[in-house]
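The values are calculated or read from the model by the stated rules, or taken from the named source; none is laboratory data. This structure is a prediction, so every number in the text was calculated from the model and none was measured. Quick reminder, even Gly has a Cβ in these numbers, built from the backbone with ideal geometry, and neighbours come from all protein chains shown. Each accessible area value is taken on the protein alone, full model and side chains, heavy atoms only, with ligands, DNA and RNA left out. Shrake-Rupley method; radii C 1.70, N 1.55, O 1.52, S 1.80 Å.
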Protein chains: 2
Amino acid sequence: MKNKYQQLVNNTIPISKSIGWNIQALSSSHIITNNLLAPNINIHNTAFAGSQYACCMATGWTLMKCWADLNEYPAELVAAEGNIRYLKPVTTDFICQASFNEQHQDYKKLLERKSLLKSSSVALEVEIICENIICAIMDIKFVFKI
Amino acid sequence: MKNKYQQLVNNTIPISKSIGWNIQALSSSHIITNNLLAPNINIHNTAFAGSQYACCMATGWTLMKCWADLNEYPAELVAAEGNIRYLKPVTTDFICQASFNEQHQDYKKLLERKSLLKSSSVALEVEIICENIICAIMDIKFVFKI
């Protein structure tokens, strides 16, 4: 499955290739991506803030797209808002990861809206991990538009 | 001056070339950048949310870096947090613009901290304009680190 979504994202969001974004693991409830430092370097030799955000956005979008496909929710998935806090410099290649399952605050609402074939919003958190430390936390508000 | 900072950003943040980020006008108080849609396209044939953020971040960082250089503030400039609200789809090449002058809420504080050679933070708003309409608004918290 990860190959299908890697291809989908690379083909439809071509900048994902430039930022060295690669899916390591993907299910309908969890995603881990590997992201290269080299193409995303900044003046401090750490990962550019804009690239960190873009890697998180591609990661979060892919998880929710995969969830919607597997749950047969025929909605267009768009981002309405994103907020990222940079906690530590990213000094190496880095991981982005996110989870979406029954424990998530919006899970039940999303299932209900889906069953009614209505639009819905969902808040997703994506973490950036570098050398086993959380370096950034991003909160995305997605909208599923019917 | 814009050529100097275009080169600085392209050389030190190489992803700025991939996203088609180009300075149209730059002073210590204002910046306008032109940004290409084509390399930043997404599955909806509009600008990828992550690319919009990256273009805004490069734009805001360049304005504050230029301000610091011209005001002789020898601090390292880093982003601490970024928040972007997507208001309308970006369907064409787009502009990012930001201003920082005496009317800005943090201007006086920044001058004071600079005169003491101390670190300081500043909040900057960057707008994305597409066909004369504001399509996204980004709020960045930068830190000047001494």
Query - Test for residue B:61: is it within 15 Å of the chain's Cα centre (by Cα), in a helix (DSSP H, G or I) and at the interface with chain A (Cβ under 9 Å from one of its Cβ atoms) - result: yes
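Could you check, for the stretch A:3-19, whether at least one of its residues is in contact with a Pro (Cβ under 8 Å, 6 or more places away or on another chain), facing another protein chain (nearest Cβ under 9 Å), assigned to a loop (DSSP other than H, G, I, E, B) and without any contact (Cβ under 8 Å) to a residue 40 or more places away in the chain?
Here is the first cut: in the stretch A:3-19, the residues in contact with a Pro (Cβ under 8 Å, 6 or more places away or on another chain) are A:14-15, A:18-19.
Within this subset, residues satisfying the condition of being facing another protein chain (nearest Cβ under 9 Å) are A:14-15, A:18-19.
Okay, now just the ones that are also assigned to a loop (DSSP other than H, G, I, E, B), so A:14, A:19.
Narrowing the set further to residues that are without any contact (Cβ under 8 Å) to a residue 40 or more places away in the chain leaves A:14, A:19.
Yes.
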Query - From the options A:68, A:75, residue that is open to solvent by less than 10 Å² (accessible area, probe 1.4 Å) and touching a residue at least 40 places away in the same chain (Cβ under 8 Å) - result: A:68
Query - Selection from the stretch B:27-58 of residues that are small (Gly, Ala, Ser), in contact (Cβ under 8 Å) with a residue 40 or more places away in the chain and away from chain A (no Cβ under 12 Å) - result: B:28, B:29
